[in-house]
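Read the figures in this text as sums done on the coordinates, not as results from a lab. What you see is a predicted model, and the numbers here were worked out from it, not measured in a lab. Here Cβ is always computed from backbone atoms with ideal geometry, including for glycine, and neighbour counts include all displayed protein chains.
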Amino acid sequence: MRSNRRLRWAAIPIAALLSVVLAGCTQEQLQGWLPTEPGTTNNVDRVIGLWVTSWIVLLVVGVLTWGLTIWAIVVYRRRKGQTGLPVQLRYNMPIEIFYTIVPLILVLGFFAFTARDQSAIEAKYDSPDVKIQVFGKQWAWDFNYVDENVYSPGVQGQENPDDANGSLVESEIPVLYLPVGKKVEIELQSRDVIHSFWVIDFLYKKDMLPGKTNYMYVTPEREGTFSGKCAELCGEYHSMMLFNVKVVSQQEYDDYIQSLKDAGQEGQLGPEYNRNQNLPGIGTPAHEEE
Ligand SMILES: [Cu+2]
C-alpha cells in the first residue's frame, strides 16, 4: 500500500510536467519534425497524422517495454549470497497470448491506417485542372505544361563558385510552376535511369522509371517556393539534380506560361529525347495513358 500511495504522489508531478511539456510544443515538434507545414497540399495533414500517431503508439509500447525490462532487472537482480539460476518461467499462457496478440494488433493497425491513407493519397483525379509531364534525366528535369502546350527544359545545377560548401546557383535550378488550389496531375517519366521525383514539403516522392509512366495527384494549397530533389541515386551528379516548385496564384501561373510562349518554348519535349531510345533492341518506350 505504501508504494501505491507513493505512485499516486508521483502521478501528480508527472502529469503536470507532461502537460507543461506538451503545451510548450512547437509546431515543429507537433508535426514530428517533418519538413513541411500543415496545409501545404491536400495530402500533407494526412501524412503528418499517420506519422505522429504512429510515433505516439510506438513510444507508449517502448516506454512499457523499457519499464518492464528495467523493473525485472532491478527487482530480480542477484542478491548477496544467491547462487545458481533463479526460478525459470516457461509456458505461461497468459503472457504468451499477450505477446502474440499485441504485436499482431499493432501490425494490423499500422497496415490498415497506412493502406487507408495511401489509397486516399494515390486517388486519381478524374478531371485534373492542370496536367504536367515531368521527365527525369541525368541530371536535371524537363517540365511540360500539357494543357498549354509549352515546356521548360532543365539544365543540371551549377555549383556556386563563391561558396566553398558546394551550394548551387539558385537561378539555374529548374523550376516547376503550379497554380495554388488546383487539382494537378503530374506524369512522371525517365529519359535514362531510375530517378525519383521528390518535393520535400509535399511529403511525397515517386520513382521515375525508364519505359514506365507513373503519376502523382496533388492539390497544392499554400503559395511558396518548395525544394525538390531527385531521391534515387542516379549517377555521378545525382546530388545536383535539384529543382524548385513555385506554387503561385492563377494570375502568376498564367503570366509564367505566357513567358514560356514568348520565349518560343511551345510544344512538348517528348520521349524522343530519351537516351535509351537508340539502344539496340529497344523501341519507342510505350507511352501509356493509364
Ligand atoms: Cu536522378
Fraction in percent of alpha-carbon pairs per bin - 10 Å, the range 1-87
13, 26, 27, 18, 11, 4, 1
At 7 Å along Cα-to-Cβ for each site, give me the label-to-label distance between V102 and Y215 in nm.
4.4
Given Cβ charges of +1 for Lys and Arg and -1 for Asp and Glu, the option among V199, P161, I186 whose Cα lies farthest towards the positive end of the dipole of the chain is V199
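Select from the chain the helices, each a whole stretch of DSSP H, whose alpha-carbon atoms run 20 Å or more along the helix axis and whose Kyte-Doolittle mean is at least 1.0; answer none if there are none.
Length and hydropathy pass: 44-75, 93-121.
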Quick check: Cα centre of the range 210-266 to Cα centre of the range 38-107, how many Å?
44
Okay, helix-only estimate at 222 nm for the chain: each DSSP H run of n ≥ 4 adds -39500 (n - 2.57), divide by all residues, round to 500 deg cm²/dmol; what do you get?
-12000 deg cm²/dmol
Given contacts defined as C-alpha pairs under 8 Å and at least six residues apart, what's the relative contact order of the chain, whole-number percent?
18
Looks like the range 82-184, by Cα gyration tensor root eigenvalues a ≥ b ≥ c and the a/c under 1.5 rounded cutoff (else prolate when a/b is bigger than b/c, oblate otherwise), is oblate
What's the magnitude of the charge dipole for the chain around its Cα centre, counting Lys and Arg as +1 and Asp and Glu as -1 at the beta-carbon? Answer in Debye, nearest 20.
3220
Just to be sure I understand: if I project the alpha-carbon convex hull of the chain onto a plane and average over all orientations, what area do I get in nm²?
26.3
Return the aspartates and glutamates within reach of K212: Cα separation strictly under 19 angstrom, same-chain partners fewer than 8 residues apart disregarded; answer none if there are no such residues.
E122, D142, E185, E187, D192, E232, E272, E288, E289, E290
Picking from R275, R79, R116, which is most flexible by a Gaussian network model of the chain using Cα springs under 10 Å?
R79
Sort M240, M208, M93 so that the residue with the fewest other Cβ atoms within 10 Å of its own Cβ comes first and the one with the most comes last.
M93, M240, M208
Take W71, W141 and order them by how many other Cβ atoms sit within 10 Å, fewest up front.
W71, W141
Amide H within-cut-off set for M208, under 5 Å, with H built and near neighbours excluded:
H195, S196, F197
Farthest towards the positive end of the dipole of the chain, among V107, P35, P94 and with Cβ unit charges of +1 on Lys and Arg and -1 on Asp and Glu, lies the Cα of P94
Near W139, within a Cβ-to-Cβ distance under 14 Å, what is the net charge of the other residues, with Lys and Arg +1 and Asp and Glu -1?
-2
Env charge @ I173, Cβ radius under 15 Å, K,R +1 / D,E -1, value -2
Under 17 Å from the Cα of K182 - lysines, other chains or at least 8 residues apart
K124, K131, K246
Give me, ordered by chain and number, the residues 5 or more places off Y237 or on other chains with an amide H under 5 Å from its own placed amide H.
none
Compute the label zone of D163 within the range 122-153: residues whose backbone N is under 18 Å from the point 7 Å along Cα-to-Cβ.
140
